[in-house]
Amino acid sequence: MQKRGATVVNIVLTIGLLVVGVIVMSTFQKMMGWQTRETEVEMAEYFLGRITSAVEKSISFPTNAKYEVVSSFAEEYILTVSDNLISITFPERDITVEQTFFHPDINILPSVVENAGKVRVFTDNDNVLISNKLVCDPDDEVCDPGCAVERICDPLCYSDVSDGVCNPYCTDINTDYANNWDDVDGICDPDCSQENGICDPDCLGDIDCHEGNGVCEPMHYEDCSSGADCTCIAPEICCSKRAEFGSSGCVLSLNAEEGEECQCEGDCSSGLLCSNGHCCLEGTEWSSSEEKCIDMSPPGSNCGLTGDFVYMIEYAMKYVGCRYSLNNPQIYGPNNCNPVGLTCASYVQSVLSGASSIGSFPGSGCNMCTWGGNPGKVQMLGSNVDKLEPGDIFQAKTTNRPCIGTGQPNSHAGHTGFYVGKGILSNPVNYDLFGISHTCYRKFEFDSNGEHVFIHSIGNSDGGQPGVCYEYSDGLLKSGNYDDIQFCRIKKQYATDDPVECEEEVPLSDAECTYCGNAAFNNLGGWDEEASKKCKNSGLPCCHGKCPPNAKVLNVPYLNQCQPSLRYGMHGKSSDACNSMCGPTSVAMVLHYNGVKKSPLNFWERIKGPGAWYGWAVWFWMEPFLEENINKDFILTSSMDWNGVKKSIDKGEPIIFSIAMSSVPYFCYQSTSGHVLVAVGYAGNNYVILNDPYTSSAEAENYPYGYCSDWSFGHNLVVPKNVFLNIWNGRSKLYAK
């Protein structure tokens, strides 16, 4: 028989165990619930992290692709994107997780995604849409954020009422693919006034309106070489190549002397220019093979000059640019003239000894014709410059100073040189002589209607440069620095048998060229009558024919930005590619010329750069891209003269450049606010020959900006030099060093 007390104890123990069990189970359930909630938060954070990672990828490596992020949530969720904030909410669990973006220049479009199995990241340039589907219907009654990714303006997204969406294709009023101060229309979209990478100039204080706001913003790709907002104040110069990344590009000058290294024009001392990475006098450039500054321009033409000693002038021209040295004059051939120099007398003696059989011919500048035994070797001509022939010598005494014989102190009290003939001079170099400014030139072109020209070696007041150069007779003989001027001519028995060969007829190039507008009807008839007649009878604005006389044309393969493989290979929108792919297409032509067969489709995103609109190439990205693909150094500049064009073509290097024009009748189109082309040749001193990547197809009604009916009309297009220089001056040029 069990005791009653034991029964009571058992009941109490049983009840106690039940209570403890309930407490334990309750605690366990709470712990499990807390762990489940923590896990779901971590999963949500991981999910948002993958989305933001996809956005980061689309921004860092712009491909305009669609990135997918798969959802593994069993419960219902709401994903919300607003400004630079993304959040996910589980309504039934009361869980919300947020993450922020730190990309003020990226336009994160607002969106809401509910319970989607996949979330997609749609990108277009700097526009990003996070959604499960891309919706754009500009004709419906709602503002569709997806239209910003589709490059379409939804009118309901553009008003003075905030709707959370800023569409850059609505604020680009003039449709030039750039949001700037030219897009003022009186409507400020409050959604665009925030820092989102889109400029609405009607919104006063829009921080995204960088260009022209008077503030230098290096982090928005502004520096002293690219925009007016960044200016340098003396003593600093503009040299972005030497500046640190993210700076204005303003640095102190290196004050480098002739032959020393430089990176920008301002790095060189006064009177010197930066040429091929070294400081050189104007009219000369650095030769890496000879490791010195030499005159790289053609010596000019003396064809048409007559006389027994014309060949001697050809020899004398080879010395142009050789250094003048009062203290160490030497008689050397033109290939050895530096670093030792040639006084005026040693220059004349060097030419005579190298280009005639006269042998020794001593004398100083003031008595070169009359010194010692020289009179027996020459014929005195008096002082009438109109009677001179090329190769005649002049001697002149320095005003108010006696003529002292050669080899004696102050024997340089005079001057001497050669008469060249009548012509036109270019490539000027300025110098001071006795405190008076003068100009010497580096290039001579024969012209029977030109002025009398002399060639001589002249030094400034301290006995230094400019050296051997040309000068007009008035500047030399009527300067007031000399008197008792006399001329003499070497006697014929000292002449050599070296002939001077000049082509009587300038040959035509074998290449075929294109002529448009006035050029087709006015110029072509001069050298291709048959083609000219066909052109007039065709009714077309352009036609093909022989290239102009004396043309030099590089065989640069031609590509057209309107060809179907480009128009439809990008994203199916023909007008976009046809109106904006000039930069990539021009780069592709230069690549093909150098044996690199790449289509613009394969690299256009690589050279459009951050912040650039669809298809537009950025000059500062084109330069390194070309250097990566071609084993050459390229130079990007906004200054290049006509001689620079000819030099580059003569070296076998085409030039990529930009133009702008309002009305020019020599192209396949009549106007452009900005276009990129390739210079592939020139003809004499009159024409430039271009590969223009833009011509419209035969479906002219689809391309209102052009009216040429043949893509080949952009190949070897002939444009007058003066017209060409007017529409490209001050704009970007890119060429191989």
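The values are calculated or read from the model by the stated rules, or taken from the named source; none is laboratory data. Here the structure is a predicted model, which means the values were calculated and not measured. Every residue, glycine as well, gets a Cβ built from its backbone with ideal geometry; the counts of neighbours run over all protein chains shown. Keep in mind that these areas ignore ligands, DNA and RNA; they rest on the heavy atoms of the full protein, side chains included. Shrake-Rupley method; radii C 1.70, N 1.55, O 1.52, S 1.80 Å.
Some notes on this structure:
- Whichever residue in the stretch 348-361 is in a loop (DSSP other than H, G, I, E, B) and touching a Phe, Trp or Tyr at 6+ places or on another chain (Cβ under 6 Å) and, among such residues, is most open to solvent (accessible area, probe 1.4 Å): S357
- Looking only at the stretch 238-261, and only at residues there that are surrounded by 19 or more Cβ atoms within 10 Å (Cβ to Cβ) and under 27 Å from S437 (Cα atoms), the one that is modelled with the lowest pLDDT: E258
- When I727 is tested against (1) of a type outside the set (F, W, Y); (2) within 21 Å of the chain's Cα centre (by Cα); (3) farther than 19 Å from Q561 by Cβ; (4) modelled with pLDDT of 85 or more, just one condition goes unmet, and that condition is (3).
- Given (1) at pLDDT below 80; (2) aliphatic (A, V, I, L, M); (3) surrounded by fewer than 15 Cβ atoms within 10 Å (Cβ to Cβ), index of the condition I78 fails: (1)
- Boolean, L85 is at pLDDT 80 or above, closer than 30 Å to R606 by Cα and open to solvent by 30 Å² or more (accessible area, probe 1.4 Å): yes
- Test: L129 is in a strand (DSSP E or B) and within 36 Å of the chain's Cα centre (by Cα): yes
- Out of G271, G283, sole residue that is closer than 28 Å to D392 by Cα, at pLDDT below 75 and under 26 Å from the mean Cα position of the chain (by Cα): G283
- Selection within the stretch 465-488 - open to solvent by 20 Å² or more (accessible area, probe 1.4 Å) and either assigned to a strand (DSSP E or B) or in contact (Cβ under 8 Å) with a residue 12 or more places away in the chain (or both): Q465, Y472, D474, G475, L477, S479, G480, Y482, D483, D484, I485, Q486
- Residues considered: Y558, Y515, Y593. Of these, the only one that is among the hydroxyl-bearing types (S, T, Y), touching a strand residue (DSSP E or B) at 6+ places or on another chain (Cβ under 9 Å), at pLDDT 75 or above and open to solvent by 60 Å² or more (accessible area, probe 1.4 Å) is Y593.
- Test: residue in the stretch 422-436 that is open to solvent by less than 10 Å² (accessible area, probe 1.4 Å), at pLDDT 75 or above, in a strand (DSSP E or B) and closer than 23 Å to I490 by Cα: yes
- Within the stretch 154-177, the set of residues being over 20 Å from V81 (Cα atoms) and surrounded by fewer than 19 Cβ atoms within 10 Å (Cβ to Cβ) comprises P155, S159, D160, I173, N174, T175, D176.
- Qualifying residues in the stretch 518-539 (those that are open to solvent by 30 Å² or more (accessible area, probe 1.4 Å) and part of a loop (DSSP other than H, G, I, E, B)) - the one modelled with the highest pLDDT: W527
- Residue in the stretch 565-586 that is at pLDDT 65 or above, in contact with a Phe, Trp or Tyr (Cβ under 8 Å, 6 or more places away or on another chain), open to solvent by 30 Å² or more (accessible area, probe 1.4 Å) and not aromatic (F, W, Y) present: yes
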